[in-house]
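The next block holds one structure in the form of structure tokens; read it before the comments.
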Amino acid sequence: MQAQGEPRVNRRRRDWRGWKFMWPFAAVFLFVTVIPIFYAIYISFFQNRMIGGTVFVGFANYVRLFKDPLFWSAVGRVALFTVVQVPIMLFLAALMALALDSMKLYGTKFFRISSFMPYAVPAVVSTMIWAFMYSAKYGLVGSLNDWFGTHLNVLSPSVLLAAIGNINTWEFTGYNMLIFYSSLSTIPHSLYEAAAIDGASEWQIVRRIKLPELKGSLAITVIFSIIGSFQLFNEPSIMQNMVPGNAISSSYTPNMYAYTLSFSGGQTNYAAALAIVMAIITMAIAYLVQLKSMKEQMN
Amino acid sequence: MSTATLQETAAPAVHSRRDARRKEKELERRRLRDEKAERRRARQAGFANVANPRRSKMLTIVCAIFAIYCLFPFLYLLINATKTQADFTSTFGLGFGKTFALWDNIKTVFTYQDGIFSRWFLNTILYVVVGAGGATLLAVMGGYALAKFRFPGRKAVFVVIIGAISVPGIALAVPQFLLFAQIGLTNSPWAMIIPSLVSPFGLYLMWIFSEQAVPTELLEAARVDGASEMRTFFTVSLPLLAPGIVTTALFTIVATWNNYFLPLIMIRDSSWYPLTIGLNQWKDQASNAGGQAIQNLVITGSLITIIPLVIAFLLLQKYWQSGLAAGAVKE
Amino acid sequence: MRARKFTPVLASLAALATVMSLTACGSGSSSSSGAQGDADNAEITFWGWDSGGSMSKLIAAFEKANPGITVKFSSTGNAENTQTALANAVAAGKGAPDVVMLEDATVMQFAVTGDLVDLKQYGAADEADKFVSGPWNMLQYNGDPYGMPIDSGPEVLFYNKAVFDKAGVNADDIKTWDDYYEAAKKIRATGSYITNNSGSSMDYQPFTAQAAQAGAKPWTVDGDNITIDMNDEGMQKYTAFWQKLIDEDLVDTSIANWSDDWNRALNDGTIASLTIGAWMPVNLMSGAPDQSGNWRVMQLPQWTEGEDYTAEDGGSSLAISSQSTNQAAAYKFIEYMTLGDGAVTMSETGTFPALKSILNSDSFVDPDSDANKTTNEYFGGQNVNKILAEAAQRPVNTFQYLPYNSFAQTEYGDDISPAYTGKETLADAFKTYGEKLAEHGTQEGYTVTNKD
């Protein structure tokens, strides 16, 4: 509670200077993202029929969505995917970043480049390569089966999601690692020296100095990883034809479902409603997960 | 070492040659002892000793396993780029084909279909230089604004951006397309470049980095000296932000280089395709009735596609080094 | 503070309103005043895929013969992408090409919504007899042609003689599907499969072809009314037959058509035969080079002994989009590509022709022409084109495609593949499929009757 005579800490002075730097990004963002979102919301209240043209249907698309079992199983699938894949990937990325930053490796530069390389490969190519390796008949898994007499099938429906998760982890661990590493590299080394002189062990330095520093970049990587994995599309879409038994249906993930609806089913309006609902779900989860640290960021 | 010799120079004069030698030996022993103590200290706090960190074999081996995991598929790419189409369908994935066709494949990649691959390559470079370059600039400026200025609407900007990127890009694709079609921008390089200018991730990255790397006091000092905001930005802040800028540039370059879905929607004309879509089209030839499979070209093309990114990363590494040094010296 | 804060919001809403009003007038055919354009002087845009690699040559020859017309070709990759691109352009109200290459089955989809031009006004209807009936019939909507066939895809049986011999199967004895079933058993005993089928969306077209051959009509379209009947006589024949093959493990259900595994399986003899369109030789030669000399071709097995029906598996056509303002010139180009020299050139570079004159020509079946020599060598010296030409002229049951064919194709994969992995019977899978098709039709505004 503030005493009467004290100046209010956050007296608004309407400082517009920031906009000098913010406006280019904001302008393009408005054009490229915000307006299309409003448009998507708009069309989600209509339906474009082959017979009858465009018709206003109110919330009918949303009602249909809530009752749609394909949608909810897709949501469940990406939720499961997120909950498992994101922690694994970020854990690996953080470990790798710490290892690189510790300067205790032979050939640090080599490890830095090699872990980032997978990110440089377009999704089409990575998926193609991994899908080949996974093939139980002609791929590496097939060869393993031949050599060891096993009957592994990593593309069977029960482990398929994990197989896709592996591709994602392969693609993005280096990416996240670079963010963590970038963050760690801003710690001045004199801090380490001071801590060493004070008698801190290596472990303590990691725990007290490095990990807290990582927390900042953890916020960003967690949010973007969650958003990214909820939007899983590239890998399952490309693998569709390579997976036996059509285990990847056209509504395997919400994004794939939206894609199929828009481009094979001619139901762009329903797809728009789906996108809006997915956005709300994703945002809710992202906020829940990062509520505390984002509040800190804002102040 | 310094301490020992200092003490020695202050010592009383030597009386005989034997004494001299004994003193020398003692010097030597002390020096060795100090060095040993030094090394022991360094061992205990490995990385804290910037000059001489002790390297760990164990850690290197563990990281090597991870490196193998990362590089393994590249091996597949390399090996299969040496195969002809016939070999590709018949031989074991990680084994070599009957002939070594790498140079032939490369030549064919650049001459197939009247050399359209080179056109795709140039397109991609255009999109990346203008698109990613622009994206980095916008993200740097925006992140700087968010970190260093408390402007009205700041919170709203943040909320809107996080909200907007939560919307699945797939569903935005059609409205984006319709918007661009109305303005007549589809099927042109602008359809690729303008959406690439927005990198929410880059923005966030630069925001955090600006907060960490640019001390507000420095800015205040410059303002007091009468410098405009723009001048301050260019002369004071940018140099400090260098490592962050390099990271953001790297990410936007890769994202634009590998962007697949955006050009799929926006670009009809194959002469404006970037490499990703072009390669995909070649890959699909095999599934076209009456089409000729050219998977060996797809693989070789993919290999060629990756190389510039690797080079970019290697080049940017230098700035990485100096950025690190700057970060270490700063206090 | 309040007023200032809303200004940016208002500005964007204003921009939004502008955009909305522009895009609100979405699809709809443009009236033809001026749409015909000048038949001799125009620049026409053409979207399509170039599987034979001969497009630039074809266009150059056309432009030489028609000096006032320039053709700007955009390779749109494959059938699916082309159709998506057209749909997008239609939704945007602008940007559609003059001439577009479409798979026969999707022409109806665009004709229904008025996005393609009725070609009768340019004399196309008179050309009916020049084409084989299969593809021609697929391009009719309300009795008028909306596209001209570039190629056809009569189904034939390609088989690997080496594998057949090993299993003790004499291909000449396979006259009916029952004979095929017996052969399948023998081949399975040697470790190979007679063919593959995984019920994926890539297996949709062979399904429509073979169901049509059986006389099935899983759906009928009559104006705004659609009737779905997954249980008619033809469908029952088809379903029962394939159920038998699935139950007795006689087909490889883990490989989808056009996948990498598929090519490899063809290449090492694991898949012994294919019932697929006549355009397959090029794909076979590049996808399964190790089997050169082993493959042969013969006519499709019949459902009833003595019949000689075939079926259409794929096929593409050229159409004119209703946004075009150069329709007359566009039609000239189409004529060249489907009826004129263009058609001949295409048939020499891997396209299987739909023109009777080419199919019956001596050069087409001449075993000594360069193109034929390579193919025939792969097929162990057999005169492949002779058999394919014969197949193309066999009677075909007319088969109608749904106005939402792309949906039907995607949905097929989702609903039918569980039957191929043994999770349910094929009959049940088709029942679900029928229900989904009916639901979609209703959503699209059709009056649907599902007879199941």
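Using a simple spin-label model with pseudo-atoms 7 Å out from Cα toward Cβ, B:Glu217 and B:Arg21 lie 5.9 nm apart.
The label-point distance for C:Thr176 and B:Phe110, in a model that sets each label 7 Å from Cα toward Cβ, rounds to 6.2 nm. Can you give the FRET efficiency for A:Arg64 and C:Asp368, using 1/(1 + (r/R0)^6), R0 = 60 Å, r = Cβ-Cβ distance, to the nearest 0.05? With R0 = 60 Å, the Cβ-Cβ based efficiency is 0.45. Hydrodynamic radius of segment A:69-298 by the Kirkwood approach over all distinct alpha-carbon pairs: 19.9 Å.
Just going by the charge dipole of segment A:147-299, with Lys and Arg at +1 and Asp and Glu at -1 on Cβ, which of A:Ser185, A:Val154, A:Thr268 is farthest out on the positive end? So the residue furthest toward the plus end is A:Thr268.
Straight-line cross-link partners of C:Lys431 among the lysines, defined as a Cα under 19 Å from its Cα and at least 8 positions apart when in the same chain: C:Lys217, C:Lys237, C:Lys244, C:Lys423, C:Lys451. The long axis of helix C:177-189 is offset from the longest Cα principal axis of chain C by roughly 70 degrees. Residue-wise HN-Hα couplings along segment A:163-173, as the Karplus relation 6.51 cos²θ - 1.76 cosθ + 1.60 with θ = phi - 60° gives them from phi, are 4, 5, x, 5, 4, 4, 4, 4, 5, 10, 4 Hz; Gly and Pro carry x.
Per residue of B:183-195, other chain Cβ atoms within 10 Å of the residue Cβ number 2 on average. The helix-based estimate of mean residue ellipticity at 222 nm for the protein assembly as shown, built from -39,500 (n - 2.57) per DSSP H run of four or more residues and divided by its residue count, is -19000 deg cm²/dmol to the nearest 500.
Phi-derived couplings, Karplus 6.51 cos²θ - 1.76 cosθ + 1.60 at θ = phi - 60°, listed residue by residue for segment A:60-74: 3, 4, 5, 4, 4, 5, 5, 9, 7, x, 4, 4, 5, 6, 5 Hz, with x used for Gly and Pro.
Taking 0.36 nm per residue of separation and subtracting the Cα-Cα distance, full extension of the segment from A:Arg207 to A:Ala27 would add 60.6 nm.
When the Kirkwood radius is taken over all Cα pairs of segment C:321-430, what Stokes-Einstein diffusion coefficient follows at 4 °C and 1.567 mPa s, in µm²/s?
In µm²/s, the coefficient rounds to 73.
Just want the ordering: A:Ser225, C:Ser201, from fewest to most Cβ atoms lying within 10 Å of their own Cβ.
Taking fewest neighbouring Cβ atoms as first place, the list is A:Ser225, C:Ser201.
Projecting the Cα atoms of A:Leu232, C:Trp262, B:Phe96 onto the charge dipole of the protein assembly as shown (Cβ charges, centred on the Cα centre) puts A:Leu232 farthest toward the positive pole.
Positive end of the charge dipole of segment C:81-199 (Lys, Arg +1 and Asp, Glu -1 on Cβ, about the Cα centre): tell me which of C:Met101, C:Thr190, C:Gly168 has its Cα farthest that way. Of the options given, the answer is C:Thr190. By the count of neighbouring beta-carbon atoms within 10 Å, fewest first, A:Lys20, A:Lys104 end up ordered A:Lys20, A:Lys104. For C:Lys72, the residues whose amide H sits under 5 Å from its own are C:Ile44, C:Thr45, C:Phe46, ignoring neighbours fewer than 5 places away on the same chain, with H placed 1.01 Å from N.
Each residue in C:Glu444, C:Glu43 was given a count of other beta-carbon atoms within 10 angstrom of its own, and listing them fewest first yields C:Glu43, C:Glu444.
Taking Cα centre as origin and charging only the Cβ of basic (Lys, Arg, +1) and acidic (Asp, Glu, -1) residues, the dipole magnitude of the protein assembly as shown rounds to 8060 debye.
Under the simplified labelling scheme, the C:Thr70-C:Val344 pair shows an inter-label distance of 2.8 nm, with each label point 7 Å from Cα along Cα→Cβ. In terms of overall dimensions, segment B:101-329 has a Cα radius of gyration and Dmax of 21.0, 73 angstrom. Only Lys, Arg, Asp and Glu carry charge here, each on its Cβ (+1 for the first two, -1 for the last two); on that basis chain A has a dipole of about 920 debye about its Cα centre. About its Cα centre, the dipole of chain C is roughly 1340 debye, where the only charges are +1 on Lys and Arg Cβ and -1 on Asp and Glu Cβ.
A cut-off of 5 Å between modelled amide H atoms, ignoring neighbours fewer than 5 places along the same chain, links C:Gly215 with no other residue. Evaluating 6.51 cos²θ - 1.76 cosθ + 1.60 at θ = phi - 60° for every residue in segment B:146-151, the Karplus couplings come out as 5, 7, 9, 10, 9, 8 Hz, glycine and proline recorded as x. Cross-link pairs exceeding 24 Å between alpha carbons, from the set C:Lys186/C:Lys373; C:Lys120/C:Lys356; C:Lys185/C:Lys373: C:Lys186/C:Lys373; C:Lys185/C:Lys373.
Mind checking C:269-278 for the average number of partner chain beta-carbons within 10 Å of each residue's beta-carbon? Per residue, the average neighbour count from other chains is 1.
Values in this text are rule-based calculations from the coordinates and carry no lab data. Bear in mind that the values here come from a model prediction, so they are computed numbers and not experimental data. In this analysis, Cβ positions are derived from the backbone assuming ideal geometry, glycine residues included, and neighbour counts consider all displayed protein chains.
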